[in-house]
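Below is one structure, written out as structure tokens, with a few remarks after it.
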Number of protein chains: 4
Amino acid sequence: MKNMIKIADFTDYAQEVLPKEVFEYFSGGAGEEITLRENEKIYDQIKLNYRVLKGIDEIDLNTTILGQKIDLPVIIAPMAFHKLAHPDGELGTARATSLLSTIMIVSTFSTQTLESIKSISKIPPWFQLYIFQDRAITKELVMMAEACGYKALVLTVDTPVYGTREKEIRNNFDLAEGLILENLITAGFKLPKDFIGNKSKHFSSLLDNNITWADIEWLRSITKIPIILKGIMDKRDFLIAKELSIAAVIISNHGGRQLDTVPTSIEILQKNIDFIDKSIEIIIDGGIRKGSDIFKALALGAKAVLVGRPILWGLAVNGEAGVYNILNILKSDLEKTMKLCGCSRVDEINKEFLFR
Amino acid sequence: MKNMIKIADFTDYAQEVLPKEVFEYFSGGAGEEITLRENEKIYDQIKLNYRVLKGIDEIDLNTTILGQKIDLPVIIAPMAFHKLAHPDGELGTARATSLLSTIMIVSTFSTQTLESIKSISKIPPWFQLYIFQDRAITKELVMMAEACGYKALVLTVDTPVYGTREKEIRNNFDLAEGLILENLITAGFKLPKDFIGNKSKHFSSLLDNNITWADIEWLRSITKIPIILKGIMDKRDFLIAKELSIAAVIISNHGGRQLDTVPTSIEILQKNIDFIDKSIEIIIDGGIRKGSDIFKALALGAKAVLVGRPILWGLAVNGEAGVYNILNILKSDLEKTMKLCGCSRVDEINKEFLFR
Amino acid sequence: MKNMIKIADFTDYAQEVLPKEVFEYFSGGAGEEITLRENEKIYDQIKLNYRVLKGIDEIDLNTTILGQKIDLPVIIAPMAFHKLAHPDGELGTARATSLLSTIMIVSTFSTQTLESIKSISKIPPWFQLYIFQDRAITKELVMMAEACGYKALVLTVDTPVYGTREKEIRNNFDLAEGLILENLITAGFKLPKDFIGNKSKHFSSLLDNNITWADIEWLRSITKIPIILKGIMDKRDFLIAKELSIAAVIISNHGGRQLDTVPTSIEILQKNIDFIDKSIEIIIDGGIRKGSDIFKALALGAKAVLVGRPILWGLAVNGEAGVYNILNILKSDLEKTMKLCGCSRVDEINKEFLFR
Amino acid sequence: MKNMIKIADFTDYAQEVLPKEVFEYFSGGAGEEITLRENEKIYDQIKLNYRVLKGIDEIDLNTTILGQKIDLPVIIAPMAFHKLAHPDGELGTARATSLLSTIMIVSTFSTQTLESIKSISKIPPWFQLYIFQDRAITKELVMMAEACGYKALVLTVDTPVYGTREKEIRNNFDLAEGLILENLITAGFKLPKDFIGNKSKHFSSLLDNNITWADIEWLRSITKIPIILKGIMDKRDFLIAKELSIAAVIISNHGGRQLDTVPTSIEILQKNIDFIDKSIEIIIDGGIRKGSDIFKALALGAKAVLVGRPILWGLAVNGEAGVYNILNILKSDLEKTMKLCGCSRVDEINKEFLFR
């Protein structure tokens, strides 16, 4: 599409085509949206330091995450309700992701089945899990994901309660009728009759808001696929994760949607990177909009980044093709950043490429 | 009320329903209002540091202040003329405060009697005192408060002269006819005939602008209830307060209404917290608008916070019910902040929950 | 006048009543006016630290400068062409200054005679001197000032060339016909026929742009009244001034009118205060608009401040009475600041009254 | 021209007279233009520190660069396509440059011949070189430049790929038909038939994007004129340049046109100045718009500065005469800055003239 040259073009277009309450549900954040805004701004404050005359010919974006080779150090963040953005839904996202040969993390609240998404994915997806009060359903979800070939469980740990998102409240936002939470139904979850129209109430009441590290052990006892923790911030929690031999951690402030005035992922990464054992792979989340953002996150120690909202804007604008555009923009932009920095491979990116 | 989800919604609504000069009397500050604005901004710059997987179920907001158990670490700041905001006046505020089981500080310039306010208060209120040139009236006010059960005297020490509040001057603001300063009358205070219409002149001429530490000793000699000092900033004054075994200090810049370009209470707290004896309880004042603001003040060492203007906005919007809404918003928001931070009790809140 | 409660009110009013090119001549600065703006902003960033319960009754604003007692630590900055602001001219300013019992510095380019200004001044004024290429005229000016009782020569040292003031150039600003430079005429200065309409050209060509420290010695040889240097910034120049036993220095960036992107006087003061010998009295200039500004300058080590543009706004608004208003506003505001800070005398003001 | 008193006046005028896509091609930068904006802003944050009473009479702007005496420490930056700005093209720029007796750097993509430009230049120009995949053409260009008297080769090393300039893409900018790349044609370059309308594609495909330090050695083997490297940022690359006895380096971020969020040249200079061997002359590039900017760059260690876009605005506004105006504005402004700082010769400018 003409003049769709950067992520913000898709954001603007998505805002035009999506109903206001849907756009604001996807784009909004908690509280005054201070953290939401800082997520993007932080990257502009990190300055690059390039090398010259390195004779960089080909850029190689391959990397490995949890032992899986991917062609791009960008992973699709878990997000609920892709069908709200476009009828292609999660399948559209999965197909575009496959064209770039990277990983999609499928949300507990996906609107298409885990199996259908897996079946069209080139690289096995990961499954993002919320633990329900009903552990039988939780276990069923894990079993389903493992059975059809998902290769990791991404447990979101920063949602003991649903963040206060003003726009959702003011818009009286709730799920469109007809939107089906396929996985929950398959897992035997009985939707309360008034579910549509009372989403947040039910979400809060059905999810287990009091999970602990013991639940991580329980999860391990019921599945063999690795567990990734999403949303750790404090040094002491990183140390517990290390002790428990957690394979990977996603540093995230939940896209600024949970607790306002927390630091950006970049700040959390910088504070903790030195003592995190190299055995834990670090993925970073929040505010990635440009190739140079990815480059900077990697330079600071992340193994890969998650991209969230931009995927939904691509989907909203043009379904699968739109997601493909988004991923390609990020890919070319990362390649150009690397070429201009004098860096040819992902594993060469380090903090020497940052100024000061 | 629909869409009244945060304090700022009440502020906006109050601005609509109150006469301009009343709204600006309540909302305005001294000078260029630099300190007034910074009071709120400072909180957004303090970043939270949360823990995960703590299994927080119930949040307990109970705390103890001057030996009194309260259900919420939020106290009603002393403010003059509640009836200017709403006919419910101080009684409305007191009833709402009682529903949340916390403490109200009643102003010397309340528009309803100390006795009537005390009689409907679940937790004994505190009495905010200005010292008059006429010590007999001052003594009478103290006696009245003590007699009807007030449990502390809050002496305001930052008003040797009335701050320059431009909006009051430009609006030619003065007290509405019919507004009765109940306590002063009861105490035998003879209102000059031109009192209405010359408030600031009379306030300046009637209050004692030259009080000293010796007056604290005098107060102690006439009452047995504890004395709290409101408005101390300098380290040397904290040390004098400590020597005099003052029970509690309210760190405050008088809501930015007295001297412009003084620091925020948060900055004063941070500078002085380390050497203040634990025997002095610290309460903090100014700019509290969100649950996370309360949480941050407590994390930095405050035992409780005062909330002022928001109470008046609640009162203006809906009388007693509006105040109740305000307090409930702060309460739920504090609970949510604690849950998201992985902290279940007020006495667990400490600076480890702040980032860096 | 109603609602004329602070300096900015007079600035706004003056902008209404003065011709655009006159207002911009007075208000404008060099280059992008970066220094001009920072002159005012710097004060808002300095935070006050007040004491309480000091029992301050009377505020005493008396101070001594060069051995002269004045009632207010505010001196009138030397400014050209008071008659451009109002027909009262320098005489209006001098009368108002006398009512407050402080010192006026009369410009070389005053539009009324040195003698007439002196004759109505309660406190002997100072004479601001530019050195002309024609030393005879320069000497004559000095002799005239000394003869009629001026008590100091203020030599401006920061104008080896006239600063680039865009607004003057764009307005094609030049002196109104009929405006008479009384002192220059009295001193025997022959105005070129095309003087009106070519001010800056003539100023540049008539003033000596290459004066050196040797000229200070020459000045000393022709007059017994003390010499004050206005516009020193560098440590090495302060040291030379000290060696030469200069009595006082005015730290100034010429109101932001000469060289853009120099520091504010406050920054220069802070950098140099520690090594300046106490024998040199420091006066500070630029951006003083509030009582707290004066207080902060004194707290950082200045003996007095100059006030410039506000005087012209007072003059423009209401002649002598307007200047009196301006000085009174500053006086009351300083008194209130001192009372609120717990400080009763000018010589008690020190850096303990600043926060951090 | 009336009211054309600073560079920004020419920028505004140029924006009026040039076609939008041409103005934006010249003025635009890479990405979000963060670096582009900071290039100018950085200078306003550097504060000057002036001396007084130095008796500065004449200002001498002479300096020497690569052994060549020039009358002004300002060199014309290499820029493509001067004829897009004005029919006078590079010849207009060269004539104006000659009037000020300084050096012009002629771009590989100049629209007039190297020979014609050289023939009217008072001081021998330098030739900016891109290395083509076709080394024969590259060699031919170098030979041509050397043969007709160019005195240095400026090799641009920061363009392994063309930066993403949104405005060019959105404007679908491409070269006007009729614009002739004289040097390339002379060198035997065969323009592809679809060259017009596919500039960036062809530029990328024809230039050698993979040059290395070995190419520097190759260049040396084919020419005797000194090689200057333009666009080095990293300390290690400065050290290599030192080892290779490179005569001069131009610190530059390519006018913010290549990689967004890199530091300004001033920051790179400050970081590296201390260890760069005095044998390498440092020239600085980017954001120079005022005499004080030049002064600050020199104070921080640069031997001269390049000026780019302002030259094109001068050219657009009034051809050769406009360029002359631009250079004269910078010259007078630098002279005034030096006079006001108390500094008479270019080689006296040092960091003592900066505040703190």
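What is the sum of charges around A:THR93, taking Lys and Arg as +1, Asp and Glu as -1, for the other residues whose C-beta is under 14 Å from the C-beta of A:THR93? Residues close to A:THR93 contribute a combined charge of +2.
Over the residues of the protein assembly as shown, the helix contribution to mean residue ellipticity at 222 nm works out to -12500 deg cm²/dmol, using -39500 (n - 2.57) for each DSSP H run of at least 4.
Each other copy places its own label point for A:ILE5 at 3.7, 3.7, 5.3 nm from this one, sorted shortest first, where the point lies 7 Å along the Cα-to-beta carbon line.
Here the Karplus relation 6.51 cos²θ - 1.76 cosθ + 1.60, evaluated at θ = phi - 60°, turns the backbone of segment D:232-241 into coupling constants of 7, 10, 8, 3, 4, 6, 4, 5, 4, 4 Hz, with x for every Gly and Pro.
Taking amide hydrogens as placed 1.01 Å from N in the peptide plane, the amide H of B:ALA248 sits under 5 Å from those of B:LEU229, B:GLU281, each at least 5 positions away in sequence or on another chain. Largest mean-square fluctuation among A:PHE238, A:PHE275, A:PHE81, in a Gaussian network model of chain A whose springs join Cα atoms under 10 Å apart, belongs to A:PHE275.
May I ask for the angle, rounded to the nearest 10°, between helix D:213-222 and the longest principal axis of chain D, with both axes built from Cα atoms and the value confined to 0 to 90°? Long axis of D:213-222 versus the principal axis of chain D: about 80 degrees. Total lysine pairs in segment D:1-79 at Cα distances under 29 Å, for residues eight or more apart or on different chains: 9. Residues whose amide H lies under 5 Å from that of D:VAL154, counting only those 5 or more places away or on a different chain, are D:PHE127, D:GLN128, D:LEU129, D:ILE228; hydrogens are built 1.01 Å from N in the peptide plane. Could you pull out the GluC sites (Glu not before Pro) across segment B:29-129 that fall in loop regions by DSSP (anything but H, G, I, E, B) with no more than 16 other Cβ atoms inside 10 Å? Of the GluC sites (Glu not before Pro), the ones in loops of segment B:29-129 whose Cβ has at most 16 other Cβ atoms within 10 Å are B:GLU58.
Evaluating 6.51 cos²θ - 1.76 cosθ + 1.60 at θ = phi - 60° for every residue in segment B:255-260, the Karplus couplings come out as x, x, 9, 9, 10, 6 Hz, glycine and proline recorded as x. In chain A, the beta carbon lying closest to the axis that superposes A onto D belongs to the residue given here with its whole-angstrom distance, A:GLN45, 11.
The C-alpha atoms of chain C define a longest principal axis, and helix C:309-341 lies at about 20 degrees to it. Between copies, D:LEU99 shows label-point distances of 5.7, 5.7, 8.0 nm, shortest first, with the point placed 7 angstrom from Cα along Cα to C-beta.
Counting charges near B:ILE117 (Lys, Arg +1; Asp, Glu -1) among other residues having Cβ under 15 Å from its Cβ returns a value of -1. Couplings 3J(HN,Hα) for segment A:135-152, derived from phi with the Karplus relation 6.51 cos²θ - 1.76 cosθ + 1.60 (θ = phi - 60°), are 5, 5, 5, 4, 4, 4, 4, 4, 4, 4, 4, 5, 4, 8, x, 5, 9, 7 Hz, where x marks Gly and Pro.
Build a GNM of chain C with springs between Cα atoms under 10 Å apart, and of C:LEU191, C:LEU269, C:LEU72 the one that fluctuates most is C:LEU191.
Averaging the Cα positions of each part gives two centres, and for segment B:242-296 and segment B:302-356 these lie 16 Å apart. Within the listed set B:ALA145, B:ALA321, B:ALA214, the residue fluctuating most in the Gaussian network model of chain B (springs between alpha-carbon atoms under 10 angstrom) is B:ALA214. Bridge orientation summary for segment C:7-353: considering DSSP beta bridges with both residues in this region, about 15 percent are antiparallel.
Residues in segment C:201-237, backbone N under 14 Å from the label point at D:GLU348 (7 Å along the Cα-to-beta-carbon vector): list them, ranges by number please. Residues passing the 14 Å test: C:210-213. Which pairs, out of B:LYS122/B:LYS224; A:LYS351/D:LYS230; D:LYS230/D:LYS271; B:LYS122/B:LYS290; B:LYS242/B:LYS336, put more than 27 Å between their alpha-carbon atoms? Check vs 27 Å cut-off fails for B:LYS242/B:LYS336. With label points set 7 Å from Cα along Cα→Cβ, the inter-copy distances at B:SER204 are 5.1, 5.1, 7.2 nm, sorted shortest first.
Local charge for B:LYS139 was computed over the other residues whose Cβ lies under 13 Å away, with Lys and Arg +1 and Asp and Glu -1, and equals -3.
Normalised by the number of residues in chain D, the average gap of Cα pairs under 8 Å and 6 or more apart makes the relative contact order 29 percent.
The numbers here are math on the coordinates, done by the rules we state, and not lab data. Note that the structure is predicted; figures quoted are calculated from it, not measured. Because the Cβ atoms are built from the backbone with ideal geometry, glycine has one as well, and the counts that use them run over all protein chains shown.
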